[in-house]
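So the structure is just underneath, and the comments pick up after that.
The values are calculated or read from the model by the stated rules, or taken from the named source; none is laboratory data. On a predicted model such as this, the values are computed, not experimentally measured, just so you know. When we count neighbours, we look across all protein chains shown, and the Cβ atoms used for this are built from the backbone with ideal geometry, even at glycine.
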Amino acid sequence: MRIQTYDQYQAAYQKSVEDPEAFWAEIAQEFQWRKPWTKTLQWNFEEPSIKWFVGGKLNITENCLDRHLATRGDQPALIWEPNDPAETGVTLTYRMLHEQVCRMANVLKRNGVVKGDRVCIYMPMVPELAIAVLACARIGAIHSVVFGGFSAQSIADRINDAQCKLIITADGSYRGNKEISLKGTVDDALIGCPTVERVIVMTRTRTPVAMLKGRDVWMEQELKHVTSDCPAVEMDAEDMLFILYTSGSTGKPKGVVHTCGGYMVYTAYTFQNVFQYEAPVGERAPVHFCTADIGWITGHSYIVYGPLACGATTLLFEGVPTWPDAGRMWDVVDKHQVNVLYTAPTAIRSLMGFGLDPVKDKDLSSLKVLGSVGEPINEEAWHWYDDNIGKNRCPIVDTWWQTETGGILISPLAGITHTKPSYATLPLPGVQPILVDENGKEIEGNGVSGNLCIKFPWPGIIRTTYGDHERCRQTYFATYPGLYFTGDGCLRDEDGYYRITGRVDDVLNVSGHRIGTAEVENAINMHTGVVESAVVGYPHDIKGQGIYAYVIADQFPDDHDADLTKRDILATVSRVIGPIAKPDKIQFVSGLPKTRSGKIMRRILRKIAEGDTGNLGDTSTLLDPAVVDEIKAGAL
Ligand code: WTA
């Protein structure tokens, strides 16, 4: 399964295009199936209907845990580094992790969860989070992890969309010097969630929390009543494994659905090849440190499933890169002798700002591979990472992918693919990217740019959006018939290398987090004093993109009120979505540039937010061109 040379990459790529079924069948055979599949792939992008390993039966946790017990039972599977460096961490071997997953699965069963039920998970970055995820998978419950920074309203929306029966949470969480309430937020959410019958509460901060009789139970108590014997439930390859909500350009976040067989094969294959992860039995397994939160797809695929499916040692970090000081990440690398570090450009840029002092005395010699994910990495950050962290001896893999793709699609293979700063380079085997123009016409050749689409399915591709298949079709498969549309713009240089240039739709990427402009506008508009708003992104040195909001208030505020109103708006957005969606800049305006048909001309607002007011293009179609001058004059 592991490609070791560039020639092998080319051969694998060619085979994957010429005979995708044979290519993936060979890889899938390396896993443990209860029953083999009868057809490797059935698909069309019209409905869409995509099925991999049709008729195959398996349980992903047997592949991530049981399968390794005989050979790697005593090898660390999961290393946990707590928020506070003074607190003792945890190392779970494969045997221990297996046992804990089985026990947690029995707790779920005891609380009425059966195959097919949806379980919401709202937890800090602690081992119990990974355990809860795997416990769901063990019994065929569908997990829906909600990032611990989302608001009660966001949790409620997600729970109701998926009709979750149970939620697993903790009293609170630690992030840097902050203590954050989780259970309290869940309580607020559950006021509007009639389907939730049970809340399992883990103790982390031991803050006082409300515990409702008949609904809320302590995880620690529940665990006392169960054994560690929990046979895995047999799942169809196409049974749902999880739902993960992500933002798009319109409406509420949608529940991206991944299924058991294809997702397992794809995350394991990409994990092993992109990071060139090799763990010979009996030797110390390299430590893989992905800094994402399990609340995002990167955590699902490259902290939990991909690494464990490959028998790796995965490191889970509860804290933040800048606490107690800006050397924390390097301390973690040093302490655990991390071999693969996979992080986001935002983190690199923010640490760059602290200079080299925090890196100076850290032993980073264990590092072999560096990864980047979530947003385009600028050249400056790439070189800083290369020079100061990798010391010019660790290949950097700039991995491009999405929640919907399940795993990495375009990326170098560490040490195999020649890299270029800011390029995701070449498609992985099985991935067939094409660039199209506005009309969906393929743009061939090199030295071109266009909208990035994929023309053939890979095993990790989205299957549906939960409860609304039509939305899945509309969003991803209808813009360019016959193609999966990524929403990203992309250029292909003279060497055929791909460079992702950013979203071409109304989705922002703020510190690597996906946020829809429409979502933020809806949240701002919920403030009583707001008549209308328009949100765009602008370049931000650390976050990649910042959020710029133009707001029409019912009374144009004077300076003093403006400041207060802005803070009220921020509080409103935090309450509706969560702090990650708070605008960086709010400009009060008396009107928005609209066409005669009432459409907001975002192009103009984007230019003004970028500080590029010289050439705003044609404004003659605007209903009221004068409003543009006012907005320009008041730009922040
Ligand atoms: C962006 C995160 C440039 C892109 C795995 C994509 C990137 C969105 C890269 C998906 C990269 C992700 N270079 N842009 N290496 N990786 N993106 O769903 O715009 O949270 O569409 O998945 O992030 O974000 P998501």
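Descriptive notes on the structure:
- When residues in the stretch 492-514 are screened for being among the hydrophobic types (A, V, I, L, M, F, W, C) and either over 25 Å from Asp437 (Cα atoms) or outside any strand (DSSP E or B) (or both), 2 of them pass.
- The residue pairs whose first member lies in the stretch 120-143 and is at pLDDT below 95, whose second member is surrounded by fewer than 24 Cβ atoms within 10 Å (Cβ to Cβ) and not in a helix (DSSP H, G or I), and whose beta carbons are closer than 9 Å, counting only pairs six or more residues apart or on different chains, do not exist in this structure.
- Within the stretch 251-297, the residues that satisfy the criterion of being farther than 25 Å from Asn59 by Cβ and among the polar types (S, T, N, Q) are Gln276, Thr291.
- Within the stretch 391-409, residues that are within 19 Å of Phe147 (Cα to Cα) and of a type outside the set (Gly, Ala, Ser) have Cβ atoms under 7 Å from residues that are within 15 Å of the ligand (Cβ to nearest atom) and in a strand (DSSP E or B) in these pairs: Gln402/Thr486; Thr403/Leu244; Thr403/Thr246; Thr403/Val256; Glu404/Val256, counting only partners at least 6 apart in sequence or on another chain.
- All of (1) over 21 Å from Ser16 (Cα atoms); (2) near the ligand (Cβ under 9 Å from one of its atoms) hold for Thr405 with one exception: (1).
- Asp398 satisfies every condition listed in (1) acidic (Asp, Glu); (2) in contact with a strand residue (DSSP E or B) (Cβ under 6 Å, 6 or more places away or on another chain); (3) not assigned by TED's automatic domain parsing to the domain that holds Val338 except (3).
- When the residues of the stretch 515-532 are filtered to those that are part of a strand (DSSP E or B) and of a type in the set (Val, Ile, Thr), the one that is farthest from the ligand (Cβ to nearest atom) is Val531.
Let's see how each residue does on (1) of a type in the set (Asp, Glu); (2) under 30 Å from Arg349 (Cβ atoms); (3) not assigned by TED's automatic domain parsing to the domain that holds Gly262:
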| site | (1), (2), (3) |
| --- | --- |
| Asn451 | no, yes, no |
| Phe456 | no, no, no |
| Thr464 | no, no, no |
| Glu494 | yes, yes, yes |
| Gly516 | no, yes, yes |
| Asn522 | no, yes, yes |
| Val535 | no, yes, yes |
| Ile547 | no, yes, yes |
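- Hey, Asn451 surrounded by fewer than 22 Cβ atoms within 10 Å (Cβ to Cβ) and either more than 16 Å from the ligand (Cβ to nearest atom) or not in a helix (DSSP H, G or I) (or both) or not: no
- Check on Arg95, closer than 28 Å to Phe289 by Cα, surrounded by fewer than 24 Cβ atoms within 10 Å (Cβ to Cβ) and touching a strand residue (DSSP E or B) at 6+ places or on another chain (Cβ under 9 Å): yes
- Residue pairs whose Cβ atoms lie under 6 Å apart, separated by 6 or more positions or on different chains, with the first residue in the stretch 200-220 and within 13 Å of Gly184 (Cα to Cα) and the second of a type in the set (Phe, Trp, Tyr), are Val201/Trp218.
- Within the stretch 533-636, helices (runs of 4 or more DSSP H) holding 3 or more residues that are free of Cβ contacts under 8 Å to residues at least 40 places away in the same chain and in contact with a strand residue (DSSP E or B) (Cβ under 8 Å, 6 or more places away or on another chain): 559-576
- Scanning the stretch 474-514 for residues that are within 12 Å of the ligand (Cβ to nearest atom) and among the polar types (S, T, N, Q), we see that the one that is surrounded by the most Cβ atoms within 10 Å (Cβ to Cβ) is Thr486.
- The residues of the stretch 165-195 that are farther than 18 Å from Met104 by Cβ and in a loop (DSSP other than H, G, I, E, B), listed by number, are Gly176, Asn177, Ile191, Gly192, Cys193, Pro194, Thr195.
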